[in-house]
Each structure stands twice: as C-alpha cells, then as structure tokens.
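What follows is a short report on a single structure.
Each reported figure results from applying straightforward, stated rules to the coordinates on display, with no laboratory input. Since the model is a prediction, treat every value here as computed from it, not as a measurement. Backbone-built Cβ (ideal geometry, glycine too); neighbour counts: all protein chains shown.
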Amino acid sequence: MTALPPFVQLQDVAKRWNGQLGVEHISLSIPRGSFVALLGPSGCGKSTTLRLLSGLELPDEGRISIDGKDVTTAAPSERNLSMVFQSYALFPHLSVAENVIFGLKVRRVPAAKRREMLQRSLEITGLLGYEERKPGELSGGQRQRVALARAIVAGQPLCLMDEPLSNLDAKLRASVRKDIKKLQLDLGMTVVYVTHDQTEAMSMADMVVLMKDGHIQQVGTPEDLYYRPANTFVAEFVGAPP
Ligand code: ADP
Ligand code: MG
C-alpha cells in the first residue's frame, strides 16, 4: 500500500508585515477529503494561514502546493478552491438564485446546467423555495447557506472557510454546521475551517491544527488534542482534564 500524497501541503511557510510576525514555520499536510480546523485564540494566525492558502496573501518564506501543483505564488483563481467568509459577501440587489449561479454565468456554464446545479445546491442547503428572495429578506443563517450553495456550485475540490458561523446565534449555528459538514461528507470536498471555538473544531474536524502567536502548537485528531495534549497551552485551550 502506498500512502497518498497530501492534497494540500504547506512547507515552512512564514508571513510578516513590516517585520512583525503573522505566522511562522507553518508546515501542514492535509489529506484529500478531510475536514481540517485551524483553531486558536484571536490573533494567533488562523486567517493569515487561510489567506496564504487562498492566495489572497503571498508568503515571505516557504512553499504551498494543492493537488500536487506548486501554487506558492499563484493567483486565487488558479488554485481551484472556493471560499466562505464570516460576512456573507452576497450581492444585495441579486436574488438568491442569481447570487448562487453568478460564478457559473461568468464561466459561461449553459443555462440548463446552471438550473440543475442551482436546484441541487439549494436542496443540499435547504433553500428550495427561496430562489427569488433578496439577501435582505433572509435570516443570517439563510444568508450563510446561500454562501454555502455558491461554494457548492463552484464545484471546486477545496473549500476554505473563515469563521462562517460567528455571526449566527447558537441555535442556527448547530443547523448550519450540519450543512457545512455535507460539503465534506456528501460532496467529498476537502474543507479547511477557521474557528476560535474549540467546541466547533472538536465536533466538526477530523484534524485540528491548534495555533498560538503565529505558530502551530499541535496537529492531531480531536482525541489527540484532548487526551494527548502536546503542552499545557493545548490542554488548557481544549479544556482537557488536568
Ligand atoms: P486570527 O485569524 O487567528 O485572529 P490573524 O491571522 O488575523 O489572526 O492575525 C495574525 C497576526 O497577524 C495578528 O497579530 C495580526 O495583527 C497580524 N496581521 C494580520 N493581517 C495583517 C495585515 N494585513 N497587516 C498587518 N498585520 C496583520
Ligand atoms: Mg481571523
């Protein structure tokens, strides 16, 4: 049996601003089809790591590859990924349907195919019947589902999410969480998910990357972090028994 090469790989990546640390020595191998949480307190470098993966920032040091291709300096559009943010980034003047298929129109996907993909994505996210609504007429949870539907129709193998639930109340969070997991479990997408909420990370992720002050503290399964914390910071952050 040969081990599969990692789908996403960061090798000793660093990013600084005017000499000030963003992240440093970030090395990470992400298997295809996994759900990885980047976890840690505010300012620890989660979003920076995600932006480096997406190409919205370029690293000062290190290499990044996706699906065997070196993308260290590639533009976001060349990385075959979709993104979901904390703010929904929807077009307020367009309907739900138009928001979801916007990217397909840009890519000149034929109308019949667009309708089929729209239908499927709204089914998965529980938004059937909301096609003609405007974002302003939706709840926060529904708006975030529109963003998920958009990521689904993008059809990219990798989805990057930065605190997608943080604008939602606790009840909504639980249900949108399930929809987010569908991207991995039903559609086979690889998800890299930023959160500062350890409960979210531990319940959703196959692999948790716990960060502090721009450095990775531990990479492992939720069980690893909980029962075999690498240091006291990890133990305290995940709330493991002393
Ligand atoms: P997190 O997402 O974990 O809250 P960030 O990745 O946003 O943390 O930030 C990590 C560090 O990098 C912080 O100290 C932050 O101030 C700094 N940082 C992030 N983006 C910038 C930027 N565009 N310019 C300067 N400093 C930045
Ligand atoms: Mg952040």
Dipole check, the chain, charges on Cβ (K,R +1; D,E -1), about Cα centroid: among S82, G141, F102 the Cα furthest to the positive pole belongs to F102
If every Lys and Arg gets +1 and every Asp and Glu gets -1 at its Cβ, then about the Cα centre the chain yields a dipole, in debye to the nearest 20, of 860 debye
Computed from the beta carbon distance with a Förster radius of 25 Å, FRET efficiency for S27 and K181 to the nearest 0.05 stands at 0.40
P(r) over all Cα-Cα pairs of the chain, 5 Å bins from 0 to the longest distance, whole percent per bin, short to long, reads 1, 6, 14, 17, 18, 16, 13, 8, 4, 2, 0, 0
Farthest towards the positive end of the dipole of the chain, among I66, V219, V13 and with Cβ unit charges of +1 on Lys and Arg and -1 on Asp and Glu, lies the Cα of I66
Given pairs K134/K181; K46/K171; K46/K113; K113/K182; K15/K171 and cut-off 32 Å on Cα-Cα distance, the over-length ones are K46/K113; K15/K171
Among G126, T49, V208, the residue whose Cα sits farthest towards the positive end of the charge dipole of the chain (+1 at Cβ of Lys and Arg, -1 at Cβ of Asp and Glu, taken about the Cα centre) is G126
Most exposed to least, judged by fewest other Cβ atoms within 10 Å, H93, H25 sort to H93, H25
The helix 111-124 Cα axis meets the longest alpha-carbon principal axis of the chain at an angle in degrees, between 0 and 90 and rounded to 10, of 60 degrees
Percent antiparallel among DSSP beta bridges confined to the chain, nearest 5, equals 50 percent
Computed about the Cα centre, the charge dipole of region 1-73 from +1 Lys/Arg and -1 Asp/Glu charges at the Cβ has a magnitude in debye, to the nearest 20, of 180 debye
Asserting the computed 222 nm helical MRE of the chain (DSSP H runs at least 4 long, -39500 (n - 2.57) per run, divided by residue count, to nearest 500) equals -10500 deg cm²/dmol
The simple spin-label model distance between Q156 and A230, using points 7 Å out along Cα→Cβ, in nm, is 2.7 nm
What one gets for region 107-212 as the Kirkwood radius, inverse of mean 1/r over different Cα pairs in Å, is 14.7 Å
For 145-156, 5-16, ranked highest to lowest by mean beta-carbon neighbours within 10 Å, the order is 145-156, 5-16
Going residue by residue through region 220-227, the Karplus relation 6.51 cos²θ - 1.76 cosθ + 1.60 with θ = phi - 60° gives ³J(HN,Hα) values, rounded to whole Hz and with x marking Gly or Pro, of x, 6, x, 4, 4, 5, 6, 9
Gyration tensor on Cα atoms of region 23-92, a ≥ b ≥ c root eigenvalues, a/c under 1.5 rounded, else prolate if a/b beats b/c, else oblate, says rounded
Helix 96-106: inclination vs the chain longest Cα principal axis, degrees, rounded to 10, gives 80 degrees
Quick calc, L58 & R115: beta-carbon distance into FRET formula, R0 41 Å, rounding 0.05, result 0.60
